[in-house]
Amino acid sequence: MQQAGTVTKLEGDLSALLQQVAPAPEALACLGDAASPEDALRRLAAGGFTDAAARLAAFALPRREAVWWACQCATHTASATLPQAAQAARVAAEAWVRKPSDALRRDAMARAQESGFDTPEAWAAVAAFWSAGSMAPPGQPDVPAAPHLPGTAVAGAIALAAVRLHPERRAARLARFLESARDIAAGGAGRLEPEG
């Protein structure tokens, strides 16, 4: 992964983001006078508040980058016996990231539905669906997703990936996930290899 530079893709008003993240009082105290999402992410991670840091990254990364990050985290903790439906959901989410068309966005949601909404891959696909366009069926009046929904889905994907199969690895995984998020925020790919 490349080193985080001075340019960051983390965006948004920090106070509005923190309303979405809803960190514990101790985590808020750790933020001190943080003025940007990047600074807040760094302080939360350094203070050991990796859950809050991961939620902040889920909401502060641009939508395509956040969905990509969710896919990377899901790939990292997926077992060799991951059900085909979950794999298809991740592939569909990644396809939307690469070419964010309405057809690929809707396909991502279809794959999430087929997988049963119980894997990080499914929630990455839901995040893709909620990231743009209308939630209504084609040909119906537009019903845009609420602005917080993509971040909520990404945060859910990250939380599920962190505890999958080996919940005792959660802390170490969250640390790796945050490295990936920082790399993506700095313009990198944030790739995470499968744990094995």
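Coordinate-derived values only; no laboratory data. None of these values were measured; they are calculated from a predicted model. All Cβ positions, glycine included, derive from the backbone under ideal geometry; neighbour counts span all protein chains shown.
Remarks
- Kirkwood-Stokes translational diffusion coefficient of the range 51-124, alpha-carbon pairs, 10 °C, 1.306 mPa s, µm²/s: 129 µm²/s
- Adding -39500 (n - 2.57) for every DSSP H run of four residues or longer, then dividing by how many residues the chain holds, sets the calculated 222 nm ellipticity at -19500 deg cm²/dmol.
- Between the helical axis of 84-98 and the longest alpha-carbon principal axis of the chain there is an angle of about 70 degrees.
- Nearest 10 degrees, 0 to 90: helix 102-115 Cα axis against the chain principal axis: 90 degrees
- Cα lying deepest toward the dipole's positive end in the chain, options 58, 34, 103, charges on Cβ: 103
- Shown here for the range 134-196: trypsin sites (Lys or Arg not before Pro) in loop regions (DSSP other than H, G, I, E, B) with at most 16 other Cβ atoms within 10 Å, namely 191.
- Part-to-part distance (alpha-carbon centres) for the range 47-71 and the range 22-44, which is given in Å: 14 Å
- Counting other Cβ atoms within 10 Å as a rough exposure proxy, the listed residues 73, 30 run 30, 73 from fewest neighbours to most.
- Cα long-axis angle, helix 120-130 against the chain (0 to 90 degrees, to the nearest 10): 80 degrees
- Alpha-carbon gyration tensor eigenvalues x 5, square-rooted, for the range 77-164, Å: 22, 14, 10
- Ranked list, fewest to most other Cβ atoms within 10 Å of each Cβ, for 49, 177: 49, 177
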